[in-house]
Amino acid sequence: MAELITLARPYAKAAFELALQDSTLDKWSGMIGLSAAVAGEPGVSSVLNSPSLSSSQIADAFIGVCGDDLDEKGKNFVSLLAENKRLVLLPEISSLFETLKANQEMSVDVEITTAFEISSDVSNKLAQALKDRLKREILLTTNVDQSLIGGAVIRAGDNVIDSSVRGKLSKLAESMNS
């Protein structure tokens, strides 16, 4: 896993710097996200690893699948990845690109999972509290998972706050067993 991220990092940084220079972060985010989704398809991954096809044939086929959603620079990026046999890294490149973009925009995706539906007033208060604490814009999504029994699990980037009843019961059982 770490090796893939290590290989993907220079491509993600290069794409990010180009997008930042051209003020097209959202456009590049969409292009790389689409490309990552295409690369992740089982049928496509078999073509990407085909030894009988040249890198230009693979790039042309990949660009053909993406269609008009890739601009000229996006097509060049895909061709470069194909030439270096790195198209399989697109999911990691996309993830790293989104992290760089979020850091640039000072935003973070936050997912709140609760046992019961919460009101928009409560979610707005949570978003404001997280914004004050993390000093970033909050892109909030909420989910319901009744297996939590009560409480909530908040995921903000790499941070996880588990204040669910299920989580507390698990910690209690773990401490009793040790």
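Throughout, read-outs are computed from the coordinates displayed, never taken from laboratory work. These numbers were taken from a predicted model, which means no experiment stands behind them. Heads up, the Cβs are rebuilt from the backbone with ideal geometry, glycines too, and the neighbour counts pull from every protein chain shown.
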Handout entry: Mean Cα-pair separation over length for the chain, i.e. relative contact order, pairs under 8 Å, 6 or more apart, %
Key = 21
Completion exercise
In degrees, nearest 10, the alpha-carbon axis of helix 55-66 is tilted away from the dominant principal axis of the alpha carbons of the chain by 50
Exercise for the section: For helix 72-83, report the angle its Cα long axis makes with the longest principal axis of the Cα atoms of the chain; keep it between 0 and 90° and round to the nearest 10°. Expected result: 80
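With +1 on each Lys and Arg Cβ and -1 on each Asp and Glu Cβ, and nothing else charged, work out how big the dipole of segment 1-150 is about its Cα centre, in Debye to the nearest 20.
Approximately 420 debye in magnitude.
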Practice task
Work out the P(r) tail for the chain: percent of alpha carbon pairs separated by more than 30 Å, whole number.
Solution key: 38
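Among 30-36, 58-64, 116-122, how do they line up by average Cβ neighbours within 10 Å per residue, starting with the highest?
30-36, 58-64, 116-122
If we count every other residue with Cβ under 15 angstrom of V144's Cβ, Lys/Arg +1 and Asp/Glu -1, where does the sum land? Intermediate results must be reported in sequence, preceding the final value.
Values: positive: R155, R166; negative: E111, E117, D145.
That works out to -1.
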Completion exercise
Note on segment 66-149: contact order normalised by length, alpha-carbon pairs under 8 Å, 6 or more apart, percent, works out to 32
Problem - Bridge type composition, the chain - antiparallel percent by DSSP, nearest 5 - result: 55
Completion exercise
Percent relative contact order for segment 104-178, counting Cα pairs under 8 Å at least six residues apart, stands at 37
Completion exercise
Computed, not fitted: 222 nm per-residue ellipticity of the chain from DSSP H runs ≥ 4 (each -39500 (n - 2.57)), nearest 500, equal to -20500 deg cm²/dmol
Practice task
Please report, in cubic angstrom per residue, the volume enclosed by the convex hull of the alpha-carbon atoms of segment 2-102.
Solution key: 87
Problem - Debye-sum result for segment 87-142 in log10 I(q)/I(0), which assumes one identical scatterer on each alpha carbon, at q = 0.26, 0.30 Å⁻¹ - result: -0.99, -1.14
Exercise for the section: Would you list, by chain and number, the lysines whose Cα falls below 30 Å from the Cα of K73, excluding same-chain residues fewer than 8 positions away? Expected result: K13, K27, K85, K101
Problem - Mean projection area, nm², convex hull over Cα of segment 1-41 - result: 3.0
Completion exercise
Ranked on Cβ counts within 10 Å of their own Cβ, fewest leading, T114, T6, T24 go T6, T24, T114
